[in-house]
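A.B. asks: Dumping the structure here so I can ask a few things about it.
The values are calculated or read from the model by the stated rules, or taken from the named source; none is laboratory data. Since this is a predicted model, take the numbers as computed values, not measurements. Here the Cβ is made from the backbone with ideal geometry for all residues, glycine too, and neighbour counts use every protein chain on show.
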Amino acid sequence: MGVMEKIKEIEAEMARTQKNKATNYHLGTLKAKLAKLRNELLIEQGGGGSGGPSEGFDVARLGDARVALIGFPSVGKSTLQCKLTGTESEAAAYEFTTLTCIPGTMHYKGSKVQVLDLPGIIEGAAHGKGRGKEVIACARNADAILIVLDAGKEGLNRHREILETELETVGIRLNQRPPDVTFNKKSTGGVRFSSTVPLTKLGPDPEKMAIQIMREYKISSADLLAREDITVDQLVDVIVGNRVYKPACYFYNKIDTITIEEVDQLARMPHSLVGSVHKRFNVGEPDEEDALKAMIWRYLGLTRIYTKRKGQHPDLAEPVVLSAVRKGTTVLALCQNISTQMLRDFNFAMVWGKSAKHNPQRCGINHPLEDEDVVQIVTKTNSQQRQDKNYQAMVQGFSDKYHKKKAEARKKKQGKLRG
């Protein structure tokens, strides 16, 4: 029996099993087996777990963030990317016009967001149908996902539900945060299970449930600490350990083809925005501000930070754009974006703006910043650097680098003279 047949058999058994206290452990074991088989299927299709994009999908990461456009064929993804970025992408009235990943750059509020136009996926893409494997690999590497849907077809075809299921199957969790659970495998010592809150979703004996799921993955020794009331699915995600958590927003295109009552119903869906690329509802030109660009900005958690030198005015022309999805929006993330040397010599920061209690406020490296804050980084003085325990090693490193560079220049000069 192949992996696909085993998956279908387990899904059928779960569908006909009643959900109650008596079947709680059995359902938990089935979910663990199902997650394990799906992971094996992905590794098998990926050629030994390479997981990287294939030819035509390997796009260099550029800009402050990356957004992937996901949707069924002929929902308007290529036209939407053209309106967001100005990139010319082939668009036609037939399906599968786009066959590879086409990148573009959206400029909004001083930031540069890379937008990837991906081929349309179909039901069963998680199991390799169409070019589903390559599209999903790009989605896993994106900072956020924009799911484009045809408002005229949504009522009958349930495209939103199908796409969510496909992404869920390959371990992409939409608009969720990782469970507050610490899980560490050990070589010996057995399983130690503890929690700081009552666990009401794992049945009458949560520890027994956790041990059963670990047994499916041949884990006999581990430490598990739960700090929130988790479900069986979340526990499986923690044990598997290869899940990715992505912010996702939904754009219902072509609302000019449905009634106002249907538009109102779609607009009330969570994380959703309705519009029409053709009629320019909530979507403008690349250099215009519109509701969709604002929504993408909000879901990426982008923050503009202006820097200043001591005794000078802040540089308001080119902000440093931080992303909550990538490195965070703290002073630490700002130093990492500018220079590793600044991070090494960091002393304190002077902050003006909404995140400061008073202007200016002297802050530490973990201070959270808000949009349009002005930050001045103050580095350590020479005497403070000498007191650092790594000072001698740092000086020796600089000296070695200087002498190596000087020796290479001398050798190059001698080669020219001999020639």
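A.B. asks: Test each condition in (1) closer than 30 Å to His367 by Cα; (2) outside the structural domain of Tyr108 (by TED's automatic domain parsing); (3) assigned to a strand (DSSP E or B) for Asp229 and report the one that comes out false.
C.D. replies: Every condition holds for Asp229 apart from (3).
The rows are residues; the columns are (1) closer than 29 Å to Ser272 by Cα; (2) among the β-branched types (Val, Ile, Thr); (3) part of a loop (DSSP other than H, G, I, E, B).
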{"residue": "Glu168", "(1), (2), (3)": "yes, no, no"}
{"residue": "Pro178", "(1), (2), (3)": "yes, no, yes"}
{"residue": "Arg192", "(1), (2), (3)": "no, no, no"}
{"residue": "Pro198", "(1), (2), (3)": "no, no, yes"}
{"residue": "Leu202", "(1), (2), (3)": "no, no, yes"}
{"residue": "Met209", "(1), (2), (3)": "no, no, no"}
{"residue": "Gln212", "(1), (2), (3)": "no, no, no"}
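A.B. asks: A follow-up question, please. For the stretch 228-256: of the residues being aromatic (Phe, Trp, Tyr) and surrounded by 21 or more Cβ atoms within 10 Å (Cβ to Cβ), which is farthest from Lys293 (Cα to Cα)?
C.D. replies: Among those that are aromatic (Phe, Trp, Tyr) and surrounded by 21 or more Cβ atoms within 10 Å (Cβ to Cβ), it is Tyr252.
A.B. asks: Right, next: Do you know which residues across the stretch 356-401 are part of a helix (DSSP H, G or I) and either on the phi > 0 side of the Ramachandran plot or aliphatic (A, V, I, L, M) (or both)?
C.D. replies: Ala393, Met394, Val395
A.B. asks: So, in the stretch 165-185, of the ones that are surrounded by fewer than 17 Cβ atoms within 10 Å (Cβ to Cβ) and modelled with pLDDT of 90 or more, which residue ends up farthest from Ser220 (Cα to Cα)? It would help to see each step written out before you state the result.
C.D. replies: Looking only at the stretch 165-185, we keep the residues that are surrounded by fewer than 17 Cβ atoms within 10 Å (Cβ to Cβ), and these are 165, 168, 175-178, 180, 182, 184-185.
Then keep just the ones that are modelled with pLDDT of 90 or more; that gives 175-178, 180, 182, 184-185.
Working: Asn175: 32, Gln176: 29, Arg177: 27, Pro178: 24, Asp180: 22, Thr182: 16, Asn184: 12, Lys185: 9 Å.
Per the criteria, the residue is Asn175.
A.B. asks: Filter the stretch 198-216 down to the residues that are out of contact with any helix residue (DSSP H, G or I) (no Cβ under 6 Å at 6 or more places or on another chain), under 18 Å from Pro179 (Cβ atoms) and not hydrophobic (A, V, I, L, M, F, W, C), then identify the one that is surrounded by the fewest Cβ atoms within 10 Å (Cβ to Cβ).
C.D. replies: The extreme case among them is Pro198.
A.B. asks: Among the residues in the stretch 271-280, are any within 26 Å of Asp371 (Cα to Cα) and without any contact (Cβ under 8 Å) to a residue 60 or more places away in the chain?
C.D. replies: The answer is yes; a qualifying residue exists.
A.B. asks: Check whether at least one residue in the stretch 151-159 is within 21 Å of the chain's Cα centre (by Cα) and not assigned by TED's automatic domain parsing to the domain that holds Asp223, and report yes or no. Steps first, please.
C.D. replies: Within the stretch 151-159, the first condition is being within 21 Å of the chain's Cα centre (by Cα), and the residues that meet it are none.
No, there is no match, as no residue in the stretch 151-159 is within 21 Å of the chain's Cα centre (by Cα) and not assigned by TED's automatic domain parsing to the domain that holds Asp223.
A.B. asks: Val321: touching a residue at least 60 places away in the same chain (Cβ under 8 Å) and under 24 Å from Ser74 (Cβ atoms), yes or no?
C.D. replies: no
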